[in-house]
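Here the structure comes first, spelled out in structure tokens, and everything after it is commentary.
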Amino acid sequence: MTADPPPSGPAPAPAARPAPAGRPAPAPGPTSASGAGPAPAPGPTSASGAGPAPAHRLPAAAPSRRPRLLYVTDLAYPARGRRYGDEDVDLTARLRRAGFDLALCHPLDAAALMDSFDAVVVRNSGPVLPYQREYEAFRERAAALGTRVYNPLHGRGDMAGKQYLLDLTAAGYPVIPTVDRPEDLHLLPAAGQYVVKPKAGADSLGLRFVPHEELPALAAAGDLLVQPRVDFRHEVSFYFVDDRFQYALYAPDPEHRWVLEPYEPTAADLAFARRFIDWNTLRHGVQRVDACRTREGELLLVELEDLNPYLSLDRVTEPVRARFAETLARSLHAFLAA
């Protein structure tokens, strides 16, 4: 299954026409006082009559300006198995060649710098949890200034926390069953261990595996999610720009999440992933649908990453990287023009 398909100089000036034959030569004009040549034609005078009036020139056309993007990334974030800096350096170079002027900044600097740019692009900025207050201030300032943020800040996935896992469970979507209240623990299937993680977590921060007997006390805290620990064959990720599928990668070894290989999705796989893209209703943006395949072959959603998904572009071929960057550039141009 291939990626969805992505959606030249001035005309020559006409040749000069020759003067018509037989036209009489112009009559000689007046000569200068010295007789050495023609006298200059009298020009307009100023209102005072003391000298020539200044010439009136049309203003020069303003040069077309390239869109300016503030590209938010934490180049030094110690991501396990991932190289944030390498990915963003390469991707910004491709966007620059695609017609954008860019400046890279740390997520803690974005709020102070955003009003000098046409849009803010949030990329590999790391988990929000360590700077939650600053992130909320960034969102508030962007809303106050009317600054365009890509991905748009109304995403319903990880951008808004993990509440969506509860909502999707209740709505019957194919997601790892998730609850957050002691009285709902009976809704979970039996498992040898259970996963407990913060509602606002990311990148496995705060994740624990616990036995069933510890769940009631933990769930009572109200800020934790509880899921059964699923025995799965592998994890697979589907990458989208807007609603266009780009590529898929999977981790054959469940113990090594970020050792990824190209994956050729089936039509059923893509239909699974698109359900969550359609549910999220982001018209523009980069999204990653992470799923696990159970021993029975079923795909279950692990997370819908719509804030700053790592793209693992070093794991795909150069033609796939180039096509992704071209699609992203078109999406950004359309986003700015909307």
Quick one: grab the alpha carbon gyration tensor of segment 207-251, order the square roots of its eigenvalues as a ≥ b ≥ c, and give me rounded if a/c is under 1.5, else prolate or oblate depending on whether a/b is larger than b/c. oblate
How high is the relative contact order of segment 182-338, in percent, with contacts defined as C-alpha pairs under 8 Å that are six or more residues apart? 18 percent
For segment 118-231, what is the percent of antiparallel DSSP beta bridges, rounded to the nearest 5? 75 percent
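So which GluC sites (Glu not before Pro) in segment 273-336 end up in coil per DSSP with only 14 or fewer other C-beta atoms within 10 Å?
Working: sites: Glu296, Glu298, Glu303, Glu305, Glu326; in loops: Glu296, Glu298.
Of the GluC sites (Glu not before Pro), the ones in loops of segment 273-336 whose Cβ has at most 14 other Cβ atoms within 10 Å are Glu296, Glu298.
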Quick one: which residues, 5+ away or cross-chain, put their amide H under 5 Å from the amide H of Val122? H built at 1.01 Å from N. Val72, Tyr150, Asn151
Rg/Rh ratio calculated on Cα atoms of segment 73-144 (Kirkwood radius): 0.98
Once ligands and nucleic acids are excluded and a 1.4 Å probe is used, how much of Leu207 is accessible, expressed in Å² to the nearest 10? 60 Å²
What spacing in nm lies between the two simple spin-label points modelled at Asp253 and Asp278, each 7 Å away from Cα in the Cβ direction? 3.8 nm
Cα-based Rg then Dmax for segment 189-338, in Å, read 17.2, 55
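On average over all directions, what projected area in square nanometres does segment 117-241 have, based on the convex hull of its Cα atoms?
Values: hull surface 37.9 nm².
The number I arrive at for segment 117-241 is 9.5 nm².
Of all alpha-carbon pairs in segment 135-187, indicate the percentage at a distance above 18 angstrom. Could the numbers behind the result be given before it?
Numbers: 644 of 1378 pairs.
Of all Cα-Cα distances in segment 135-187, 47 percent exceed 18 Å.
The values are calculated or read from the model by the stated rules, or taken from the named source; none is laboratory data. For clarity, every value in this text was computed on a predicted model and none was experimentally measured. Neighbour counts run over all protein chains shown; Cβ positions are idealised from the backbone, glycine included. Ligands, DNA and RNA are excluded from the accessible area calculation, which covers all protein heavy atoms including side chains. Shrake-Rupley method; radii C 1.70, N 1.55, O 1.52, S 1.80 Å.
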